[in-house]
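The values are calculated or read from the model by the stated rules, or taken from the named source; none is laboratory data. Quick caveat, the model's predicted, so the values are computed rather than measured. Please note: Cβ atoms are built from the backbone with ideal geometry, for glycine as well, and neighbour counts cover all protein chains shown.
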Amino acid sequence: MTRSIALLVLAIMLGGCAASYVTPGGPARLDAIDRADIAQVASRRPAASFPARIAVVRVQAADYRSSTAEPLATGRFSVVPTKELISDDELNAIGEWDDVAAVAPLSKLLLPAKLDSFDDLRLAAAKLQADVLLVYTIDTTFRVQGRGYGPLALISLGLVPDRDAYVTSTASAIFVDVRSGFVFGVVEATDKQSGLTNA
């Protein structure tokens, strides 16, 4: 009996040490959000006046989940709270850019119940009286001991939480004219970090 209790206590202790982590969901496929034909895209012209008012929104895959954020709205893609990654100070810094009159994140109150296209985001930005919509998405990949983990994968840290882990995140953004859909430009940045899985 004493041996059974000791084994039970040992199993509970070891189980408590076996931690796990679920990777965040994937990026939004911005090309899948805007399905206009080539002639329509080529005919778009800028309509914004400068200095412009900018609306900021983060989009991710339709099934996006993370340990720190839940989507504000979903459909063919998800809208995630901007302030999970961008602080008020960083939004204010964007507001100081040349030719920017004001900047604000899109609110859940402006978004439709279901997101079907890029036009849903443009309409929400128009309700905010924005001239330009800054849409960004984050693509993060994980590698632990040479094994890759995609979106929403369970990484079991196991009993030895000192394995090598590599995380690569790429932020992709697009600046779009709210009225016409004209693309002013795109930008992308990647950062890589490594460490032990217990960190």
Requested in this report: Would you check which residues across the stretch 55-73 are among the small types (G, A, S) and under 13 Å from A124 (Cα atoms) and list them?
Outcome: A55, A73
Query raised in the report: Got at least one residue in the stretch 133-141 being more than 20 Å from the chain's Cα centre (by Cα), closer than 21 Å to I86 by Cα, modelled with pLDDT of 90 or more and not hydroxyl-bearing (S, T, Y)?
Result: no
Query raised in the report: Considering only residues of the stretch 97-116 that are in contact with a Lys or Arg (Cβ under 8 Å, 6 or more places away or on another chain) and more than 16 Å from I86 (Cβ to Cβ), which is surrounded by the fewest Cβ atoms within 10 Å (Cβ to Cβ)?
Result: D116
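Consider L72 carefully, then state whether it is of a type in the set (A, V, I, L, M) and touching a helix residue (DSSP H, G or I) at 6+ places or on another chain (Cβ under 6 Å).
Spelling it out, L72 is indeed of a type in the set (A, V, I, L, M) and touching a helix residue (DSSP H, G or I) at 6+ places or on another chain (Cβ under 6 Å).
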Query raised in the report: Got a number for residues in the stretch 47-95 being surrounded by fewer than 14 Cβ atoms within 10 Å (Cβ to Cβ), under 15 Å from the mean Cα position of the chain (by Cα), of a type outside the set (S, T, N, Q) and more than 23 Å from K114 (Cα to Cα)?
Result: 0
